[in-house]
Amino acid sequence: MGDLVDSMLDLMRRLPPTHVEENVASLVAMCPDYADDLLGSVDQPLKVMTDRATGKEYLACDYNRDGDSYRSPWSNEYDPPLEDGTVPSPKLRKLEIAANEVFDTYREMYYEGGVSSVFLWDLDDGGFAGVVLLKKVMTPQAPGEPSGAWDSIHVFEAAERGRQAHYKLTSTIMLQMVDRSISTRSSKDEPVKSKVGADKTEQNDAKRDGEATLSGSMTRQTEQDFQLQDQSSHITNTGKMIEEMEIKMRNLLQEVYFGKTRDVVFDLRSLDDLEKARRQRELQKELVGFIKR
């Protein structure tokens, strides 16, 4: 069992992250007995669902799934309906409602749109765990505009120790970006000549030619202790940890990953005339020589 699951996870790490949902579905179809193990180990893009009772949107993932149903944080009901679905205790449910309201404000302040959801569940040792989900999708308004999606999954555990609480946080960010501006410029400069009776396959391939796709995921972990005044302090403490972690991970994406990719691309292919740049360097050396004299 373990060897088969490890093999599937190793295969998922080698496949394109843009097709993670299709690849997971294919593996589940081939090995349905290990579906729960695979779904619980592979991070997939969050799905947006609508609560039938309230009409509000919420996010679906493995943490609010029971069988083929997903629990809504707004009505605490499963869709499709499930009679014996797992739900948090009344005390924890009250905290879950307050957390959803707080992180909805957090989402609006940092994302200016998108969808957020918070789910909590009880642990056997007396503590509790939860997950904070955030998703924003950028939909292109024109053929040449870029598109993308940001998915944040923050899983935490809270253990109360007197007037303090110990938190373990595991954060995963999945990012997908597609730049179609190159493809649009290429299609304008080199129009495709279609033959009589030919299908649209050649034209569709030409539209995809020149697209730049960047996708992947990043996971980080941290542990901290905070003072505990009351139950609402859990929201404040986890919110502070998640806010700091998202800022840190975003800076890593921007400075390390995007910055390194940009440096590699510019080292391979310069946008400026290299001969012109060489003459400018020689002129600078001559000016420095005159100044030293």
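The values are calculated or read from the model by the stated rules, or taken from the named source; none is laboratory data. Just so it is clear, the model here is predicted, and its values are computed rather than measured. For neighbour counting, all protein chains shown are included, and Cβ atoms are generated from backbone atoms with ideal geometry for every residue, glycine included. Note: accessible area is taken over every heavy atom of the protein model, side chains too, but ligands, DNA and RNA are not part of it. Shrake-Rupley method; radii C 1.70, N 1.55, O 1.52, S 1.80 Å.
Within segment 4-28, if we keep just the residues that are farther than 14 Å from S41 by Cα and assigned to a helix (DSSP H, G or I), the residue that is least open to solvent (accessible area, probe 1.4 Å) turns out to be T18. Out of the residues in segment 254-289 meeting the condition of being of a type in the set (A, V, I, L, M, F, W, C) and closer than 22 Å to W150 by Cβ, tell me which one is surrounded by the fewest Cβ atoms within 10 Å (Cβ to Cβ). Filtering first and then ranking leaves V256.
In this structure, D272 does not satisfy being at pLDDT below 85, in the same structural domain as G148 (by TED's automatic domain parsing), assigned to a helix (DSSP H, G or I) and at negative phi. Among the residues making up segment 90-105, those that are open to solvent by 40 Å² or more (accessible area, probe 1.4 Å) and either over 26 Å from the mean Cα position of the chain (by Cα) or free of Cβ contacts under 8 Å to residues at least 60 places away in the same chain (or both) are P90, K91, K94, I97, E101, D104, T105.
Screening L82 with (1) among the hydrophobic types (A, V, I, L, M, F, W, C); (2) more than 15 Å from E246 (Cβ to Cβ); (3) at pLDDT 95 or above gives one miss only, at (3).
The residues on offer are E108, E83, and the sole one that is free of Cβ contacts under 8 Å to residues at least 40 places away in the same chain, more than 29 Å from G239 (Cα to Cα) and open to solvent by 50 Å² or more (accessible area, probe 1.4 Å) is E83.
Being in a helix (DSSP H, G or I), modelled with pLDDT of 80 or more and within 30 Å of E145 (Cβ to Cβ) narrows it down to one of K188, K207, K248, so name that one. The unique qualifying residue is K248.
Can you tell me which residue in segment 33-61 is farthest from M12 (Cα to Cα), limited to those that are open to solvent by 60 Å² or more (accessible area, probe 1.4 Å) and hydroxyl-bearing (S, T, Y)?
We begin by selecting, within segment 33-61, every residue open to solvent by 60 Å² or more (accessible area, probe 1.4 Å); these are 33, 36, 41, 43, 47-48, 50, 52-54, 56-57.
The next check asks that each one be hydroxyl-bearing (S, T, Y); those that pass are 41, 50, 54.
On the way: S41: 10, T50: 29, T54: 37 Å.
By that ranking, first place goes to T54.
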